[in-house]
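K.L.:
Pasting a structure below so you can have a look.
Taken together, the values in this text are just the output of simple stated rules run on the coordinates, not laboratory data. Note that the structure is predicted; figures quoted are calculated from it, not measured. Positions of Cβ are backbone-derived with ideal geometry, glycine not excepted, and every protein chain shown enters the neighbour counts.
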């Protein structure tokens, strides 16, 4: 079953895992060391992130390394971009209003 990418990033622990492995590929044990939770709980989070293709596994000897699929993050960025344009427009309008208020006080 494929999960929705937004369901995956809704959880703060999963977002923290993404931030950790964005820097470098890590083993489940190395990831678990950063959290005050069980190794099984981290494995569940890793499975969910893998099911929505945010992570890939790479076997190196006996170790499995998880790494971030940056291209999949573009799906999130694309969705957020529509709101980014709205926010930028509103901030621009606010800047204009503040400049007008400042000029009328002089």
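K.L.:
Considering the stretch 32-62 alone, what residues qualify as being assigned to a strand (DSSP E or B) and surrounded by 13 or more Cβ atoms within 10 Å (Cβ to Cβ)?
P.N.:
55, 56
K.L.:
Does residue 7 fit the bill of being under 13 Å from the mean Cα position of the chain (by Cα), surrounded by 14 or more Cβ atoms within 10 Å (Cβ to Cβ) and on the phi < 0 side of the Ramachandran plot?
P.N.:
no
K.L.:
Do you know which residues across the stretch 64-106 are surrounded by 13 or more Cβ atoms within 10 Å (Cβ to Cβ) and within 14 Å of residue 25 (Cβ to Cβ)?
P.N.:
Correct list: 64, 65, 66, 67, 68, 69.
Here is a yes/no grid of residues against (1) closer than 26 Å to residue 5 by Cβ; (2) in contact with a helix residue (DSSP H, G or I) (Cβ under 8 Å, 6 or more places away or on another chain):
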{"site": "60", "(1), (2)": "no, no"}
{"site": "75", "(1), (2)": "yes, yes"}
{"site": "80", "(1), (2)": "yes, no"}
{"site": "85", "(1), (2)": "yes, no"}
{"site": "93", "(1), (2)": "no, no"}
{"site": "98", "(1), (2)": "no, no"}
